[in-house]
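What follows is calculated from the coordinates using simple rules that are stated; it is not laboratory data. All of these numbers come straight from a predicted model, not from anything done at the bench. Reconstructed Cβ throughout: ideal geometry from the backbone, glycine too, with neighbour counts over all protein chains shown.
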Protein chains: 2
Amino acid sequence: MNQWFNEELDENYFDLGARVSIQVGEMLFEGQSEFQKLQIMKTPKFGNLMILDGAVMLTEANEFAYHEMIAHIPLFAHPNPKRVLIIGGGDGGAAREVLRHPGVEECVMVEIDGLVVEKSREFFPTIACELDNPRLTLLIDDGIKYIENANNEFDVILVDSTDPAGPAEGLFTADFYKKVYGALKADGLMAAQAESPYYFQKTQKELFAVLKSIFPYTSMYLSAIPFYPSGTWSFAFASKQYTEQSHARTADIEAMTPHLQYVNPALFKGCFAIPNFVKKNLV
Amino acid sequence: MNQWFNEELDENYFDLGARVSIQVGEMLFEGQSEFQKLQIMKTPKFGNLMILDGAVMLTEANEFAYHEMIAHIPLFAHPNPKRVLIIGGGDGGAAREVLRHPGVEECVMVEIDGLVVEKSREFFPTIACELDNPRLTLLIDDGIKYIENANNEFDVILVDSTDPAGPAEGLFTADFYKKVYGALKADGLMAAQAESPYYFQKTQKELFAVLKSIFPYTSMYLSAIPFYPSGTWSFAFASKQYTEQSHARTADIEAMTPHLQYVNPALFKGCFAIPNFVKKNLV
């Protein structure tokens, strides 16, 4: 018998007044790591569902809309990304997308919670499928500590974090983004998940103020992600030299499009078109 | 004490496996018209909420993302829209946006359900605010019957309907869109709400097959609407002569942007960038 899972953000950090509800079946795994509570459930319509501390992380059916967008937009904006760092991303989806790029020689992924990686391998094999790729260096470690020792090393950094409560809280601070800046090469750029433009305006405003104080160029792009609050999700793009269009590799996007469910050349541009109410909040 | 309203689409027509839940307070109105059940509730976060046959129609907080997009995209794609027809749209939101265009001499709005109009005036005054505008001709009538007698009359037609179950069922058929084609002038164009790209792929595929069989040019655009299923909503654009860009009035969009919460020149283009999985479904 199917039941409804109701996202319980209100019990943590947020009081949204609206929530995502998904029909769920069998609980496949439930456990508490050192950092957070992990639940994995079957759903009748969307494949397996991962929940961290009561918040929906992904379903097998819709994860492409998040993972393609956090990875391909910054990677295609860079003329030649060879070394990529992922902070977080324990499910493996961002790494899978990064490794689609043949020019990427090494992708370093630093996930704080080994339980997420372990259970993603077990219950999300189509997402974790590249975690043993020889071009991937997977570290179970604190991304904030890792990045302190990285200097001028990466072409692209992806911050694939949870909400700014719990283990990801430090990933929304000026201190952290100064380290990201330092870890990037002179022409490096980064993308970070940046919450809902409808519901997390305060977090967005603060995050973009931080990024603008550190990076010479920042912008925002959007993706349609049904099970995140409001159904639309933001990503922050921040760069030392390039804008998202200045070195966009349109031919490479075109070539990868048949293998992708979301990203194509028109979408690479269109996703940076932001509604007025969102723009006003970032000024 | 606030409770949760859970959208009950599953009881009507759809079995989505996911649903929108909104915290609600006092029930302001509940009644059955000849056509559908109307409920209006207070919400603590999003202003008043309108529900028809268990499906969320709008909240005061988010309605702009729907009404601006159904109205301004087709109107700004037309070089000089003077006569506009709205089929449905009983809350008045689409009419409000159409009447922002000073070049529009007459907007005819044909809503089948007088109760929706009456209660929108009472409980949604910022949405129904232009229903007494002298440039608006408001008819409480069946839009399908109205359009049978309209020939070569309108520059732009908006189909602002509910889901294809209940009173709006006839608004998703080839027969209806042939009449829309006939009611448009030789260079006319139309937009119609076209359901969720994630959850209503069969409806979309059928609707676009119908439109392609009738109109020489069709395309799709998207808006981020938190309380519609999946949070992203589609609109069908169909035109006799113009594409969405061929006669786009960019300077006029720019001039109206300060008065709008959603639409701006970049967004006018960007909203037509469609993810791969949606495009594939329409082929």
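When chain B is modelled as a GNM with alpha-carbon springs shorter than 10 Å, which of B:Pro81, B:Pro265, B:Pro197 fluctuates the most?
B:Pro265
Could you tell me the extents of region A:75-195's C-alpha atoms along the three principal axes, largest first, rounded to whole Å?
38, 35, 25
Helix-only estimate, please: 222 nm mean residue ellipticity of chain B, summing -39500 (n - 2.57) across DSSP H runs of length 4 or more and dividing by its residues, to the nearest 500. Write out the running numbers ahead of the final one.
Working: 9 runs with 81 residues, N = 283.
After summing the helix terms and dividing by residue count, I get -8000 deg cm²/dmol.
How many angstrom separate the Cα center of region A:25-45 from the Cα center of region A:205-283?
30
Using +1 at the Cβ of each Lys and Arg and -1 at the Cβ of each Asp and Glu in the protein assembly as shown, identify which of B:Phe268, B:Ala61, A:Gly92 lies farthest towards the dipole's positive end.
Value: B:Phe268.
Taking every pair of alpha-carbon atoms in chain B, what share in percent sits in each 10 Å bin, from 0 to the bin with the longest distance?
7, 31, 39, 21, 3, 0
If you place +1 on the Cβ of every Lys and Arg, -1 on the Cβ of every Asp and Glu, and leave all else neutral, what size is the dipole of the protein assembly as shown about its Cα centre, to the nearest 20 Debye? Spell out each step's value before the answer.
Working: 46 positive and 74 negative charges, 366 e Å.
The calculated dipole for the protein assembly as shown is roughly 1760 debye.
Rounded, prolate or oblate for region A:182-283? Axes are the square roots of the Cα gyration tensor eigenvalues, ordered a ≥ b ≥ c, and the cut-off for rounded is a/c under 1.5.
In terms of gyration-tensor shape, oblate.
Using unit Cβ charges (K, R positive; D, E negative) and no other charged atoms, how large, in debye to the nearest 20, is the dipole of chain B about its Cα centre?
The dipole magnitude comes to about 1060 debye.
With the Cα gyration tensor of region A:3-58 giving a ≥ b ≥ c as the square roots of its eigenvalues, does the rule (a/c under 1.5 for rounded; else a/b larger than b/c for prolate; else oblate) give rounded, prolate or oblate?
Judged from the Cα gyration tensor, region A:3-58 comes out oblate (a/c at least 1.5, b/c at or above a/b).
Along the positive direction of the dipole of region B:89-242 (beta-carbon charges: Lys, Arg +1; Asp, Glu -1; about the Cα centre), which of B:Leu138, B:Ala168, B:Pro229 reaches farthest?
It is B:Pro229.
Using Cβ contacts closer than 10 Å as the measure, can you line up B:Asp187, A:Asp113 from fewest to most?
B:Asp187, A:Asp113
Under a crude label model (7 Å from the Cα following the beta-carbon direction), how far is B:Gln261 from B:Lys37 in nanometres?
Each label point is offset 7 Å from its Cα along the Cβ direction, giving 2.8 nm.
Just want the answer: with Cβ charges of +1 for Lys and Arg and -1 for Asp and Glu, which residue in B:Val278, B:Tyr198, B:Val104 is farthest toward the dipole's positive end in chain B?
Sorting the options by dipole projection puts first B:Val278.
Tell me, in nm to one decimal, what length is gained between B:Thr126 and B:Thr250 on full extension, where the rule is 0.36 nm per residue of separation less the Cα-Cα distance? If you can, show how the numbers build up before the last one.
Numbers: separation 124, 0.36 × 124 = 44.64 nm, distance 2.69 nm.
Length gained between B:Thr126 and B:Thr250: 41.9 nm.
Please report the antiparallel percentage of DSSP beta bridges with both residues in region B:145-283, rounded to the nearest 5.
70
Nearest-5 percent of antiparallel DSSP beta bridges in chain A?
Close to 60 percent.
Hey, how many Å between the Cα centroid of region B:60-80 and the Cα centroid of region B:99-177?
Each part reduced to its Cα centre gives a spacing of 14 Å.
Expressed in nm to one decimal, what extension gain is obtained for the pair B:Gln241 and B:Asn151 from 0.36 nm per residue of sequence separation less their Cα-Cα distance?
30.7 nm is the gain from fully extending B:Gln241 to B:Asn151.
Tell me, B:Glu26, A:Glu60, B:Glu195 in order of fewest to most beta-carbon neighbours within 10 Å?
Ranking B:Glu26, A:Glu60, B:Glu195 by Cβ neighbours within 10 Å, fewest first, gives B:Glu26, A:Glu60, B:Glu195.
Using alpha carbons only, how many degrees (0 to 90, rounded to 10) separate the axis of helix A:114-123 from the longest principal axis of chain A?
Tilt of helix A:114-123: around 70 degrees.
Below 20 Å, Cα to Cα, which lysines can B:Lys178 reach? Residues fewer than 8 away in the same chain don't count.
Answer for B:Lys178, where 20 Å is the Cα cut-off: B:Lys145, B:Lys205, B:Lys212, B:Lys240, listed by chain and number.
Can you give the charge dipole size of region B:116-191 about its Cα centre, rounded to the nearest 20 debye, using +1 on the beta carbon of Lys and Arg and -1 on the beta carbon of Asp and Glu?
120
Counting other beta carbons within 10 Å of each Cβ, put B:Ile70, A:Ile253 in order, fewest first.
Numbers: B:Ile70 27, A:Ile253 21.
Going from least to most buried by this count: A:Ile253, B:Ile70.
Amide H of B:Val263: which non-local residues (sequence gap of 5 or more, or other chain) have their own amide H closer than 5 Å, using H built in the peptide plane?
A:Asn276
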